[in-house]
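The structure appears below as structure tokens.
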Amino acid sequence: MSKTGIPARSEIAQSDRWNLAKLFSTDHEWEAGLAEFEKLCERISSFKGNLGKSASALADFMDFSREFGILEERLAYYAELRQCEDEGANEARIMTGKFTIIAAKAAAGLSWAIPEIQAIANPKIEEFLRHERLADYRIYIKRLLRWKPYILSEAEERLLAIENEADGLVNDTFSVLTNVDLDFGTIETAQGPRTLSQSSWSVFMENPDRNLRKNAYDAFYRAFESHKTTLAVLYGSSVKKDAIKARVRGFSSAREAALFPDNVPLSVYDNLIETINANLAPLHHYYNLRKRALKLDVLRHYDVYAPIVPYTSKKTNWNEAVDVISASLAPLGNEYVDILRGGLLGGWADKYENKGKRSGAFSAGSYTTDPYILMNYKEDSIRDIFTLTHEGGHSMHSYFSAKSNPFMHYGYTIFEAEVASTFNEELLFRHLEKESASPELNLYIVNKRADDILSTLYRQTMFAEFEKITHQIEESGEALTVDNLRGEYRKLLEKYFGPDMVLEESSDMEGLRIPHFYRAFYVYKYATGISASLALAQRVLDGGEKERNDYFAFLKSGGSRFPIDSLKVAGVDMSSPIPVQAACDIFGKLVDKLESLLQV
């Protein structure tokens, strides 16, 4: 056992690790797979210039791409998962490095393929797509063809491809500045001085000691204030890059360009913001309740994460957690429960923390193997049971998508990804609330559910509204500066937090420290995702076999439909504001219930 109390990887029982044998049984077998992949790379150039000659020639390339892509995915997942087991393990890092080099060469070697498919004349490609050998590739190819109006000349595309190599520089600079160069100092605690960092920030903000929270908050934002101009220039440059790339392609705005791949209308984004703006009263009620529960005369920005309900510690071992999750998911039927249960008790999950293991949790689904789950499960954390069912939802989505679709379009979008996971969380919450005989546990899970919906529905919408505003400023020809960025963000803070919040002078610096903003126009998907999942959970619980089958049709859609269409199949229309309104109503009822339970 490590001196820190965290076991080494070698001390973790085999039964508590994921079983990667379906990817590769050993590292040596992976090496053989990499050698095979490298040989396949040599065949890429043989297809160039032939794709438009006949349907069979195109089918030959698509068959090769399928074989090539499946092997590439297996190699990538194995190396990544092995590295996650122990970030300090040299062998895994070497594997990741080897794969990255060869995969980069493969990507460069394939760069001609999509433009060549898109260059095939419309009548000819329509004739090709009727060929039986292209049946499994029709959806994939049709999606490529949607981009034809936005494809430039070969020379222009080559220039854009070269420029794309620098795409991550602004984000990388932001990351290095905020995670490496910024010194946040130390905070005095009852246990002595502790380092303040981006990682420890949330821990300080959840501390019951208000003075400690204030000191950490002031120190944290003081560091950001000292680099405010640099941060504003970095974010402004990111927004400008989005606007320029959209304009070059022929889109009317960066937002239209970002929503185009998923075929999501701008109205979906606008409906979300408008509906949330019309339903800020429950959010303001929550912050007023928080102020009363904490017995504060004034609610400050550093009070929004402080616990208002005592933490309820209840030991639940892994097998017991799987039992609870299985019971909560019973409305989905035996097939769903049996598959997930078998995976969680079998080889899907890497269960517990070990020295060097990646923190947090994730699900990594692939086409030919199990949808693996990384956990750092703690028996005394109720939150970890929710995390496990959340990742289980992702894994079952991946499982059904892979079983029901050809490889070239089995992957679902981020827009859909959070639906299956938060759906499972909602069913677990409903089950625990119904079955719990403990008033303390009931209070805790109601508070947790309200906080989770707030952070996913309201906060992500506030972020989405900020992104819309900043890109509109840039696209109108006005420069983005420290002052107008902070000013716009402060207006949003005042609007969303409401009359009970007293903001600090530095509170609006929050808008310049959010890493999500460097990948514009995706945070709204978290808000639409939880809105859809809450609506679907209610529909399944209130319905019967038809409603359950509709939900399974969504899980099995994979990438065969655009997200709005796949969710319509499930029974929820995200082109309408109705699901977002329903989610706001659910949040309002949770706040009312929390107020009743707290009796403040």
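The values are calculated or read from the model by the stated rules, or taken from the named source; none is laboratory data. Please read all numbers here as calculations on a predicted model, not as lab measurements. Using ideal geometry, Cβ is built from the backbone for each residue, glycine included, and neighbour counts are taken over all protein chains shown.
For the reader, a short list of remarks on this structure follows.
- The residue pairs whose first member lies in the range 388-405 and is charged (D, E, K, R) and at pLDDT 95 or above, whose second member is part of a helix (DSSP H, G or I) and buried (at least 22 other Cβ atoms within 10 Å of the Cβ), and whose beta carbons are closer than 8 Å, counting only pairs six or more residues apart or on different chains, are Glu391/Ser421.
Here's the yes/no breakdown for (1) surrounded by fewer than 19 Cβ atoms within 10 Å (Cβ to Cβ); (2) within 23 Å of Arg290 (Cα to Cα); (3) of a type outside the set (A, V, I, L, M, F, W, C):
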{"residue": "Arg449", "(1), (2), (3)": "no, yes, yes"}
{"residue": "Leu457", "(1), (2), (3)": "no, yes, no"}
{"residue": "Phe466", "(1), (2), (3)": "no, no, no"}
{"residue": "Gln472", "(1), (2), (3)": "yes, no, yes"}
{"residue": "Leu480", "(1), (2), (3)": "no, no, no"}
{"residue": "Leu485", "(1), (2), (3)": "no, no, no"}
{"residue": "Lys491", "(1), (2), (3)": "yes, yes, yes"}
{"residue": "Phe497", "(1), (2), (3)": "no, yes, no"}
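- On inspection, Ile125 does not qualify as part of a strand (DSSP E or B) and more than 29 Å from the chain's Cα centre (by Cα).
- Of Gly49, Gly33, all but one fail to be over 27 Å from Ala364 (Cα atoms) and either at pLDDT 95 or above or among the small types (Gly, Ala, Ser) (or both); the exception is Gly49.
- Tabulated pairs, the range 414-430, first closer than 16 Å to Arg383 by Cα, second not in a helix (DSSP H, G or I), C-beta under 7 angstrom, 6+ apart or interchain: Asn424/Leu329; Leu427/Leu329
- Residue check, Val540 in contact with a Pro (Cβ under 6 Å, 6 or more places away or on another chain), closer than 17 Å to His397 by Cα and either among the small types (Gly, Ala, Ser) or touching a residue at least 12 places away in the same chain (Cβ under 8 Å) (or both): yes
- Of all residues in the range 194-218, those satisfying the criterion of being surrounded by fewer than 17 Cβ atoms within 10 Å (Cβ to Cβ), more than 26 Å from the chain's Cα centre (by Cα) and not β-branched (Val, Ile, Thr) are Arg194, Pro208, Asp209, Arg210, Asn211, Lys214, Asp218.
- The one condition in (1) closer than 29 Å to Lys556 by Cβ; (2) out of contact with any Asp or Glu (no Cβ under 9 Å at 6 or more places or on another chain) that Tyr372 fails to fulfil: (2)
- When the range 157-171 is filtered for residues that are β-branched (Val, Ile, Thr) and surrounded by 13 or more Cβ atoms within 10 Å (Cβ to Cβ), only Val170 remains.
- Flag for Ile453 being over 25 Å from Glu256 (Cα atoms), part of a helix (DSSP H, G or I), under 23 Å from the mean Cα position of the chain (by Cα) and modelled with pLDDT of 95 or more: yes
- Within the option set Ala246, Ala258, being crowded, with 20+ Cβ neighbours inside 10 Å and free of Cβ contacts under 8 Å to residues at least 60 places away in the same chain holds for one residue only, Ala246.
- The range 418-445, subset polar (S, T, N, Q) and assigned to a helix (DSSP H, G or I), residue surrounded by the fewest Cβ atoms within 10 Å (Cβ to Cβ): Asn442
- So Leu374, is it over 21 Å from Glu11 (Cβ atoms) and of a type outside the set (D, E, K, R): no
- Of the residues making up the range 1-53, those that are of a type in the set (A, V, I, L, M) and either in a loop (DSSP other than H, G, I, E, B) or farther than 27 Å from Tyr372 by Cα (or both) are Met1, Ile6, Ala8, Ile12, Ala13, Leu23, Ile44, Leu51.
- For the range 19-42, the criterion of being more than 23 Å from His409 (Cα to Cα) and under 24 Å from the mean Cα position of the chain (by Cα) is met by at least one residue.
- Identification of helices (runs of 4 or more DSSP H) wholly contained in the range 135-193 with 2 or more residues that are farther than 27 Å from Phe562 by Cβ and over 26 Å from the mean Cα position of the chain (by Cα) yields 154-164.
- Of all residues in the range 261-270 being closer than 25 Å to His409 by Cβ and of a type outside the set (A, V, I, L, M), the one that is surrounded by the most Cβ atoms within 10 Å (Cβ to Cβ): Tyr269
- Looking across the range 155-179, the residues that are among the β-branched types (Val, Ile, Thr) and modelled with pLDDT of 85 or more come down to Val170, Thr173, Val176, Thr178.
- For first residues located in the range 545-571 and under 22 Å from Arg138 (Cα atoms), partners that are of a type in the set (Lys, Arg) and at pLDDT 95 or above and lie 6+ apart or on another chain with Cβ distances below 8 Å form the pairs Lys556/Lys403; Val569/Arg561.
- Which numbered condition Gly109 fails, given (1) buried (at least 19 other Cβ atoms within 10 Å of the Cβ); (2) over 23 Å from Gly360 (Cα atoms): (1)
- Residue that is farthest from the chain's Cα centre (by Cα) [pool: residues in the range 276-304 that are more than 14 Å from Asp500 (Cβ to Cβ) and surrounded by fewer than 17 Cβ atoms within 10 Å (Cβ to Cβ)]: Ala278
- Residues of the range 217-251 satisfying the condition of being among the charged types (D, E, K, R) and within 20 Å of Gly487 (Cα to Cα): Asp218, Arg222, Glu225, Lys228, Lys240
- Contact annotation: residue pairs with Cβ atoms under 7 Å, 6 or more positions apart or on different chains, pairing a residue in the range 53-74 that is over 24 Å from Lys22 (Cα atoms) and among the aromatic types (Phe, Trp, Tyr) with a partner that is modelled with pLDDT of 95 or more and surrounded by 15 or more Cβ atoms within 10 Å (Cβ to Cβ), are Phe61/Phe47; Phe61/Leu51.
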